[in-house]
Each structure stands twice: as C-alpha cells, then as structure tokens.
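> Take a look at the following structure, please.
Derivation of every value follows stated rules applied to the coordinates shown; laboratory data play no part. Please read these numbers as outputs of a predicted model, since none were measured by experiment. Because the Cβ atoms are built from the backbone with ideal geometry, glycine has one as well, and the counts that use them run over all protein chains shown.
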Amino acid sequence: QKEVEQNSGPLSVPEGAIASLNCTYSDRGSQSFFWYRQYSGKSPELIMFIYSNGDKEDGRFTAQLNKASQYVSLLIRDSQPSDSATYLCAVKGGYQKVTFGTGTKLQVIP
Amino acid sequence: KAGVTQTPRYLIKTRGQQVTLSCSPISGHRSVSWYQQTPGQGLQFLFEYFSETQRNKGNFPGRFSGRQFSNSRSEMNVSTLELGDSALYLCASSLGVQGAPTEAFFGQGTRLTVV
C-alpha cells in the first residue's frame, strides 16, 4: 500500500462546477496535510493546509480532513479553466517527513 | 520576502559525470528537503536537512548525497550519473521546527538531463 494515494485522473469538470479531489494516507500518526497545485512545467505551489478534523475554507477552496478514515479532500468551487493543473496531496508524519501522492490531474472544460 | 532559489535552472550532463545542485531557502527557514520528480514516479523524497544535519532520508542510492551549510543553504550531489537520473529536482524550505507552521515552499527546480 502506498503511503499517500490519489486517483491520477484526469478528472474532468465543466467550468463553474465543483471539483472534488481525494487523498488517503496510511500513517495514522500523520499530523499535517497539504494540497499543492502544479502547472505543467512549473514547481508545486501550496494552496491549502489543514491540521484538524473538519473543514477549512479559503476562498473557492475547501480542505476536508477525517483522521479516523485517514482521508483528506480538496473541493474547488466555481471551477475555472485556470484551475486545470495537477493537484498533489502531501502528508507530514513523524520526524517532519513529508510524503507526496502522485497527484490528480484536473481538467476544467470551458 | 525572497522565495526559494535553486540554481542552476537547467543542466545537461553526460553519463558517469557528477553534478551539484544548490538551494537557498526562504530567510529564516531552517529545513530544506530535496525531491526528484519524474513523469512516471511523481515526487520522490530524497532527504531533508535541518540545522546542518540530515534529519530524514528517502530510498535513493548512495550516489545521491546532500549537505546543508550554517546559513541553511543546501546542496545536493549526484555522482556517477545514469540516464535514469534525468528529472526535475526540487527543493522545498520550511521552518522545520516542531510546533511551528510546517508548510513548505518549493523552488523553481533544476531540470537535469543526462545524455
């Protein structure tokens, strides 16, 4: 089992819809969870982080964390073509080690 | 404030050579992590340095090594390059201190091509 798992996609959503990106992790001791966006040929850019169970909202983005189910998700409301990118889930466990999923490619169709 | 700076941005090397990449973290950040990114494998963790000490290490061969200086700048070295080492090498900096904000910020990366 991979430490951090994401569906590789592509996930295609129409412009204006809600995009839902999911991530599961195996280390129950994980404390910090991050979502990065990576455009083709660019480096990852941090868009959200969450430490506590529940929802955290920032503009059009909402991160959801369920530690009991070892599940973290990212919702993007009112999706725009500029949101088309690969979204990487990252999990920080003990000793400050960060593990990334392989990413989900999102395509927002105009 | 200045972001994470990686140099050089692009490199072409020949098999068997060695290469050194540099990363200057955000001012005040003491943790520097290195990643290799390839289309097939995604982001693979190489190692993390904190206060000049290697704190975490991924599953890469000994040809991959790194170090961190007292000003938190870090270098990674790859010896005896192989074609499979062609990748985007990314470094990320964070405060790295337990209890402090833990989010990491990436540099623009070094694109290494081995021919």
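> Could you derive backbone 3J(HN,Hα) for region B:83-90 from the dihedral phi with the Karplus parameters 6.51, -1.76 and 1.60 (θ = phi - 60°), listing whole Hz in sequence and x where the residue is Gly or Pro?
4, x, 7, 4, 5, 8, 9, 10
> Return the FRET efficiency for the residue pair A:Glu5, B:Thr14: r is the Cβ-Cβ distance, R0 is 45 Å, and the value is rounded to the nearest 0.05.
0.75
> Using only atoms on other chains, find how many Cβ atoms lie within 10 Å of each Cβ of peptide A:13-20 and report the average.
Taking all residues of A:13-20 together, the mean is 0.
> Based on the Cβ-Cβ distance of A:Asn53 and B:Gln41, what FRET efficiency does E = 1/(1 + (r/R0)^6) give at R0 = 41 Å, to the nearest 0.05?
That gives a FRET efficiency of 0.85.
> Can you tell me the length gained on complete extension of the stretch B:Lys57 to B:Thr7, counting 0.36 nm per residue apart and subtracting the Cα distance?
15.8 nm
> Would you tally the net charge around A:Ser32, using a Cβ to Cβ cut-off of less than 15 Å, leaving A:Ser32 out, and scoring K and R as +1, D and E as -1?
+1
> Cα to Cα, under 16 Å, and not fewer than 8 places away if on the same chain: which aspartates and glutamates meet these conditions relative to A:Lys105?
Once the sequence-local aspartates and glutamates are set aside, what remains near A:Lys105 is A:Glu5, A:Glu15, A:Glu45, A:Asp83.
> A further question on this structure: Along the charge dipole of the protein assembly as shown, which of A:Leu11, A:Gln70, B:Tyr35 sits closest to the positive end, that is, farthest toward it, with unit charges on the beta carbon of Lys, Arg, Asp and Glu (+1, +1, -1, -1)?
Farthest along the dipole direction, towards plus: B:Tyr35.
> Once you have the Cα-Cα distance between A:Ser26 and A:Gln80, take 0.36 nm times their residue separation minus that, and quote the gain in nm to one decimal.
Answer, rounded to one decimal: 16.3 nm.
> How are the Cα pair distances of chain B distributed, in percent, across 5 Å bins from 0?
All Cα pairs, binned at 5 Å, distribute as 2, 13, 24, 26, 19, 10, 5, 1, 0 percent.
> Oh, and also: Rounded to whole Å and sorted largest first, what semi-axes of the equivalent ellipsoid does the C-alpha gyration tensor of region A:21-71 yield via the square root of 5 times each eigenvalue?
Result for region A:21-71: semi-axes of 21, 14, 9 Å.
> Rg to Rh ratio, the protein assembly as shown, alpha-carbon atoms and Kirkwood radius?
0.97
> Just checking the output field for B:88-96: average partner chain Cβ neighbours within 10 Å of each residue's Cβ?
So the per-residue partner count for this stretch is 2.
> Averaged over A:45-56, how many beta carbons belonging to a partner chain fall within 10 Å of each residue's beta carbon?
So the per-residue partner count for this stretch is 1.
> Another question, then. Among the DSSP beta bridges whose two residues both lie in the protein assembly as shown, what percent are antiparallel, rounded to the nearest 5?
If I count the DSSP bridges inside the protein assembly as shown, around 90 percent turn out antiparallel.
> So, one more: Rg and Dmax in Å for region A:3-110, alpha carbons only: what are they?
In order Rg, Dmax, the Cα atoms of region A:3-110 give 13.1, 43 Å.
> Could you go through region A:34-47 in sequence order and give the Karplus-derived ³J(HN,Hα) for each residue, using 6.51 cos²θ - 1.76 cosθ + 1.60 with θ = phi - 60°, rounded to whole Hz, and x for Gly and Pro?
Each residue of region A:34-47 in turn: 9, 10, 10, 10, 10, 7, 4, x, 10, 8, x, 10, 5, 10 Hz.
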